Structure formats: structure tokens, C-alpha cells
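Participant: Structure incoming, see below.
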Amino acid sequence: MTNRERMTAAVLYGKEDVRIEEVVIPAIRPGEVRLRVGAALTCGTDVKVFRRGYHAKMIKPPAVFGHEFAGVIEAIGAGVSAWRIGQRVVAANSAPCGECFYCTRDLPQLCEDLLFLNGSYAETITIPARIVAKNMYALPDSLPFEHAALTEPLACVVRGMEEVPIQRGETVIVLGTGPIGLMFIRLCAEAGARVLAVGRRTERLRIAQRFGATETFDARETPDIVEALKARTEGKRGADKVIEAVGTPAAWETAIAMARKAATVSLFGGCPANTAVNVDTHRIHYEELTLKGTFHHTPSAFSKALKLIADGTVPAEPFLQHRALLQELPDILASFAQGTMPAIKVVVVPPQRA
Ligand SMILES: [Zn+2]
Ligand SMILES: [Zn+2]
């Protein structure tokens, strides 16, 4: 391949403006690896970015788009010795620098120079040298690309579980049954917790049950959701742990309201910029609440997540019930943005070359 070769890719231009175009495949530089994309998945973050037109940290338009993917290596830059053409891999959408204030304090997710990667809604994606070196993994032969592409969101959830560990026998409330909420439900059930799941769509609450939720609650049909959930906890005190996986200030407040004394509330869903929540200072002080935020993932969480998918601890197939061609992506993102998309995620399949 030469650097003048072209490919089909989705390009984000701005607010609700994603176009499928022919773009030049960049020449491969030292340390880089180029993948032929096997599968790319849609993500709530992409929908957020589509609505807003940019993401301050992750993507500035015009730019190729998409960050959950797996594929096969088709070209290797100078100096790369650990990988070979034809290997099937998953790469993370970021890698920390390893040298900054936060990296040297073992907080790589807060790296001051976190390098983000986008561009998986395309025929090929070039993996930057830093990600090749620190955050790319070989796939077991039997693992389909679309399953492996779930590693990124699961890595965020694995990190959430590391930050707020769940003990056997605890009562955990999970708010939200999107992909992230469902993954939390699975891992909390796996940890031996009694999981109470709150969602809004019947089919997702069914998946929550299949993933090990002890009880599920449809938020639309439960008038006082806080009291209804507290009523199902020991002594009606509230949950030992609450995990918020919705990403609105209202859901954060609901999550906090459902926690018992000395509980930890995992505030996982990112809210829009410049929003705030009201927290009763008495609850934090006299009831010893812990409020814990978690952002993104780390290389160690990413490799753990890949194992959890490969060994079936987190079943991939409920997330992958809808498939579409790359050309359909703008319509898919629009329908996610309008809330009319029934799919949890969509597997986006790039055009196949003869
Ligand atoms: Zn994602
Ligand atoms: Zn750093």
C-alpha cells in the first residue's frame, strides 16, 4: 500500500454532521500499526459527541470518528517488533504518557497528556505508536472482532469495580441499563452481590435479569423510585453501594438518595459540562457517605476486560443484536440521538475489499 491509497471512513464535521467519505490513508510512521477494521461498535459517547459536535478531550472536528473496535494488522511501521501482519488485535482508544504528575502517581487515567484515538468507523485505522506499545492486545483465535470491540466500554466498568469494590452479600443498586449499566450488573452479580437494577426498557430489564440482577424496576412505572428501592434493602436503610450509570444530575441525586449510612455511591455516568448536583451536607458528614467518581480506563483494566469477554464472564451477544453498514452510520447516530434506536449498540461493518 502507498500513502496515496484511499478508504471509506466516517468523518465528524460538527453538530449532528457525520459524513461518509473517501479519505487518504495516512502513511504509516515509526512505531505505528495499521489495522483493517473487523468490527466497530457504536457507543453512548459517540452519540454525545455527535449531538455536541466535538469532545474537548477526545475529538476535534473535522476528524475520523469511532473508538470501539478490533481488527487485523495489515501494515507495521518501522521499529515495531512485537507484532506481525495478520495478527488479530484489539487496541484501546487511549494510552497514558507514563511520565506526568498523575502517571507517576499511578493515576494513568488522569494523565495530563492522555492520547486519544478515534477513527474506527472506517476500513482501516492507524494505531499511534504509544497505544501500540502500551495498550494493544492479541485476540484469542476464537474471539470474534465484534466481541473484542466491547473491551473498551467494559474496561471503564472494570475500573469502576476497582475503585468501588463490591463484597459478596452486599446489596447494590445499579441505576441505568445501557451497555455500561448492564456490564456493572453482570460484574456485581459475579462478585456475589444482591443486585437491584433500575431501567426504562423492558427488554433491557430482561437482560439485567439474565445477567444476574435479583430484582428489576422499571423507572417509568415506579412512582417513588427512591422509596421503592430502599424498601427492598435490609431494614429499608438503603443500599450498601449504589452505581449510577445514567449520566444526568437528576440520576446522581437519585443514586445518592438510595444509599444507606456509610455507603459508597459510584457516580459513573458523565454529566453535561457546567451542571451541578445538590447534596445534603448532613448526609455526607453525619451519615459518612462516600461519593466516588470514575473516569475512563487504564491499560491494566483494559487487559482484564478483554479476559472477561474472552472467558464469557460478560456475554457479548446481548450487546450485538444489531448490525449495519458503514454507510448507514449517520442515520444510526441520528436515531440514537433522538432516542428512537432500539439497539443497545450497533455493530458497524466496514466495506469489504475483494
Ligand atoms: Zn465507548
Ligand atoms: Zn501521563
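Participant: Cβ contacts < 9 Å: first residue assigned to a helix (DSSP H, G or I), restricted to segment 313-339; second residue of a type in the set (Ser, Thr, Tyr) and exposed (fewer than 14 other Cβ atoms within 10 Å of the Cβ), any location; separation 6+ or different chain. Result?
Facilitator: The qualifying pairs are 334/340.
Here is a yes/no grid of residues against (1) surrounded by 17 or more Cβ atoms within 10 Å (Cβ to Cβ); (2) within 16 Å of ligand 1 (Cβ to nearest atom); (3) aromatic (Phe, Trp, Tyr):
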| position | (1), (2), (3) |
| --- | --- |
| 149 | yes, yes, no |
| 155 | yes, yes, no |
| 171 | yes, no, no |
| 199 | yes, no, no |
| 202 | no, no, no |
| 208 | yes, no, no |
| 220 | no, no, no |
| 229 | yes, no, no |
| 249 | no, no, no |
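Participant: Based on what the data block shows, is residue 353 assigned to a strand (DSSP E or B) and within 30 Å of residue 141 (Cα to Cα)? Write out each step before concluding.
Facilitator: Details: assigned to a strand (DSSP E or B): no; within 30 Å of residue 141 (Cα to Cα): yes.
Judged against the criteria, residue 353 is not a match.
Participant: Within segment 263-275, count every residue that is part of a strand (DSSP E or B) and among the small types (Gly, Ala, Ser).
Facilitator: Pass one, segment 263-275, residues part of a strand (DSSP E or B): 263-267.
Now drop any that are not among the small types (Gly, Ala, Ser), which leaves 263, 266.
Result for segment 263-275: 2.
Participant: Which ranges mark the strands (runs of 3 or more DSSP E) fully within segment 27-115 that have 1 or more residues being acidic (Asp, Glu), away from ligand 2 (no atom under 16 Å from the Cβ) and in contact with a Leu (Cβ under 7 Å, 6 or more places away or on another chain)? So that I can check it myself, show each step before the final result.
Facilitator: Values: elements: 33-41, 68-76, 88-91.
Hits in segment 27-115: 68-76.
Participant: If the requirement is being modelled with pLDDT of 95 or more, within 16 Å of ligand 2 (Cβ to nearest atom) and either of a type outside the set (A, V, I, L, M) or under 20 Å from the mean Cα position of the chain (by Cα) (or both), which of these qualifies: 128, 140, 153?
Facilitator: Values: 140 fails: within 16 Å of ligand 2 (Cβ to nearest atom); 153 fails: within 16 Å of ligand 2 (Cβ to nearest atom).
Selected residue: 128, the only one of 128, 140, 153 that is modelled with pLDDT of 95 or more, within 16 Å of ligand 2 (Cβ to nearest atom) and either of a type outside the set (A, V, I, L, M) or under 20 Å from the mean Cα position of the chain (by Cα) (or both).
Participant: Here is a check on your reading of the model: is residue 95 farther than 26 Å from residue 352 by Cα, in contact (Cβ under 8 Å) with a residue 60 or more places away in the chain, among the aliphatic types (A, V, I, L, M) and within 16 Å of ligand 1 (Cβ to nearest atom)?
Facilitator: Values: farther than 26 Å from residue 352 by Cα: yes; in contact (Cβ under 8 Å) with a residue 60 or more places away in the chain: yes; among the aliphatic types (A, V, I, L, M): yes; within 16 Å of ligand 1 (Cβ to nearest atom): yes.
Yes; evaluated as a whole, the condition is true for this residue.
Participant: Then there's this: Does residue 260 satisfy the criteria of being part of a strand (DSSP E or B) and more than 22 Å from the chain's Cα centre (by Cα)? Full working, then the answer.
Facilitator: On the way: part of a strand (DSSP E or B): yes; more than 22 Å from the chain's Cα centre (by Cα): yes.
Here the answer is yes, as residue 260 does meet what is asked.
Participant: Additional query: Please enumerate the residues belonging to segment 222-249 that are among the charged types (D, E, K, R) and at negative phi.
Facilitator: The initial filter retains those residues of segment 222-249 that are among the charged types (D, E, K, R), namely 224, 227, 230, 232, 234, 236-237, 240-241, 244.
Residues satisfying the conditions are 224, 227, 230, 232, 234, 237, 240, 241, 244.
Participant: Sticking with this structure for a sec: Here are 105, 88: which of them is more than 16 Å from ligand 1 (Cβ to nearest atom), charged (D, E, K, R), assigned by TED's automatic domain parsing to the domain that holds residue 311 and under 15 Å from residue 306 (Cα atoms)? Can you show your working first?
Facilitator: On the way: 105 fails: under 15 Å from residue 306 (Cα atoms).
On inspection, the qualifying residue turns out to be 88.
Participant: Among the residues of segment 85-141 satisfying the criterion of being out of contact with any strand residue (DSSP E or B) (no Cβ under 8 Å at 6 or more places or on another chain) and among the charged types (D, E, K, R), which is nearest to residue 41 (Cα to Cα)?
Facilitator: Within segment 85-141, the match that is nearest to residue 41 (Cα to Cα) is 113.
Participant: With the structure loaded, tell me whether residue 97 is in the same structural domain as residue 331 (by TED's automatic domain parsing) and either within 23 Å of residue 322 (Cβ to Cβ) or surrounded by 19 or more Cβ atoms within 10 Å (Cβ to Cβ) (or both) or whether it fails that test.
Facilitator: Numbers: in the same structural domain as residue 331 (by TED's automatic domain parsing): yes; either within 23 Å of residue 322 (Cβ to Cβ) or surrounded by 19 or more Cβ atoms within 10 Å (Cβ to Cβ) (or both): no.
When the stated conditions are applied, residue 97 does not pass them.
Participant: Output the residues belonging to segment 227-256 that are assigned to a helix (DSSP H, G or I) and over 20 Å from residue 188 (Cα atoms). So that I can check it myself, show each step before the final result.
Facilitator: Filtering segment 227-256 down to residues assigned to a helix (DSSP H, G or I) leaves 227-230, 234-236, 249-256.
227, 228, 235, 236, 249, 250, 253 - these are the residues of segment 227-256 that are assigned to a helix (DSSP H, G or I) and over 20 Å from residue 188 (Cα atoms).
Participant: On the given criteria, is residue 207 under 17 Å from residue 260 (Cα atoms), of a type in the set (A, V, I, L, M, F, W, C) and under 21 Å from the mean Cα position of the chain (by Cα)? Reasoning before the result, please.
Facilitator: Values: under 17 Å from residue 260 (Cα atoms): no; of a type in the set (A, V, I, L, M, F, W, C): yes; under 21 Å from the mean Cα position of the chain (by Cα): yes.
So residue 207 does not fit the description; no.
Participant: Can you name the residue in segment 1-44 that is among the hydroxyl-bearing types (Ser, Thr, Tyr) and without any contact (Cβ under 8 Å) to a residue 60 or more places away in the chain and is also surrounded by the fewest Cβ atoms within 10 Å (Cβ to Cβ) among such residues?
Facilitator: 2
Participant: Looking at this structure, is residue 180 over 30 Å from residue 88 (Cβ atoms), assigned to a helix (DSSP H, G or I) and either touching a strand residue (DSSP E or B) at 6+ places or on another chain (Cβ under 6 Å) or outside the structural domain of residue 306 (by TED's automatic domain parsing) (or both)? Before the answer, list the steps.
Facilitator: On the way: over 30 Å from residue 88 (Cβ atoms): no; assigned to a helix (DSSP H, G or I): yes; either touching a strand residue (DSSP E or B) at 6+ places or on another chain (Cβ under 6 Å) or outside the structural domain of residue 306 (by TED's automatic domain parsing) (or both): yes.
It is false that residue 180 is over 30 Å from residue 88 (Cβ atoms), assigned to a helix (DSSP H, G or I) and either touching a strand residue (DSSP E or B) at 6+ places or on another chain (Cβ under 6 Å) or outside the structural domain of residue 306 (by TED's automatic domain parsing) (or both).
The values are calculated or read from the model by the stated rules, or taken from the named source; none is laboratory data. Quick caveat, the model's predicted, so the values are computed rather than measured. Methodologically, a virtual Cβ is constructed for each residue, glycine included, from the backbone with ideal geometry; neighbour enumeration extends over all protein chains shown.
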